Amino acid sequence: MASFNAKHVLFSMCVITTFIWLVRASDPDTLFDYIVPPNVTIIDGNFFTYTKIRGFFNGPDLNQTTSMLASIIEFPALNGQSVSLSFLRLGPGGVSAPHTRPHATGLFFVLEGRFEVGFVDSSNKLYSQTLETGDMFIFPKGLVHYQYNVDCEKPAVAVAAFGSASASTVSIPGSLFETSIEDVVLAKSFRTDVATIRKLKAGLGNKN
C-alpha cells in the first residue's frame, strides 16, 4: 500500500509539473474578453482591425525580400490573445538568416513559391524540408531556424502564425556580429582570427 501511495504521489507531482510548464510556455491568460490600452478611449470595429498588411501584396517591387509583422506592438488588440502573424516575401534566391523566436512556436504556411526551411534542435540535429505552395512546417519555440527561396527567378511568399502576441525575433548574425561582443571573443569562439571577424562585420554593415 505504501508503495502504491508513493507512486500515486509521484505521478501527481509529474502531472502538476507538466501543467505548470504548459501554462508558462504560453502567454499569460486574461480574465477579460480583450484588453484595452490606456491611451485608447473609443472601442469599435476599428480597434480589432489591422490593415497595414495590405501593402505587402501590392508593393512596388515584389522581387524584394521583405517581411511584415502583426504583433502586439503593431496591433494592440492582440494583447492577451496569444496569437500573432508574420508575412515573409523572399526575392529570388533570398534568405531569412538563422534566427530564433524565444516566445513562440511558429506554424509556417507557404502562399506562393518554394522554400527550403530548417531548424536545429538542442542536440544540434538539423531538420530541413523543401516546401511547395500550400505546405506547412513547424518551427519549435526557441530553436534556431531559417528560410531560403530556392528559386533564382521567382519570389516566394509565406505567412507564419505564432502562439504568442509578442513573437519577437533574435537574429543570430545580428546578435553575434552587430552588437558589442569583442572581436577577440568571436575569433576564439569561431576558431578564426580577428581580421576574419571584422570582414564578417563589414559585410553586415557593422564598421566597428
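The values are calculated or read from the model by the stated rules, or taken from the named source; none is laboratory data. None of these values were measured; they are calculated from a predicted model. Don't worry about glycine lacking a Cβ; one is built from the backbone with ideal geometry, like all the others, and counts go over all protein chains shown.
A few notes on this one:
- Unmet criterion (only one of (1) closer than 26 Å to Glu74 by Cβ; (2) surrounded by 17 or more Cβ atoms within 10 Å (Cβ to Cβ)) for Arg198: (1)
- Residue in segment 126-136 that is buried (at least 20 other Cβ atoms within 10 Å of the Cβ), closer than 23 Å to Ser71 by Cα and modelled with pLDDT of 95 or more present: no
- Selection status of Phe57, aromatic (Phe, Trp, Tyr) and exposed (fewer than 14 other Cβ atoms within 10 Å of the Cβ): yes
- Any chance Val95 is in contact with a strand residue (DSSP E or B) (Cβ under 6 Å, 6 or more places away or on another chain), under 17 Å from Asn149 (Cβ atoms), crowded, with 19+ Cβ neighbours inside 10 Å and aliphatic (A, V, I, L, M): no
- Qualifying residue in segment 112-124 (condition: without any contact (Cβ under 8 Å) to a residue 12 or more places away in the chain, at positive phi and out of contact with any Leu (no Cβ under 7 Å at 6 or more places or on another chain)): yes
- Hits in segment 145-171 - residues which are crowded, with 17+ Cβ neighbours inside 10 Å and either at positive phi or in a strand (DSSP E or B) (or both): His145, Tyr146, Gln147, Tyr148, Asn149, Ala156, Val157, Ala158, Val159, Ala160, Phe162
- Residue check, Ile138 among the β-branched types (Val, Ile, Thr), under 18 Å from Ala161 (Cα atoms) and assigned to a strand (DSSP E or B): yes
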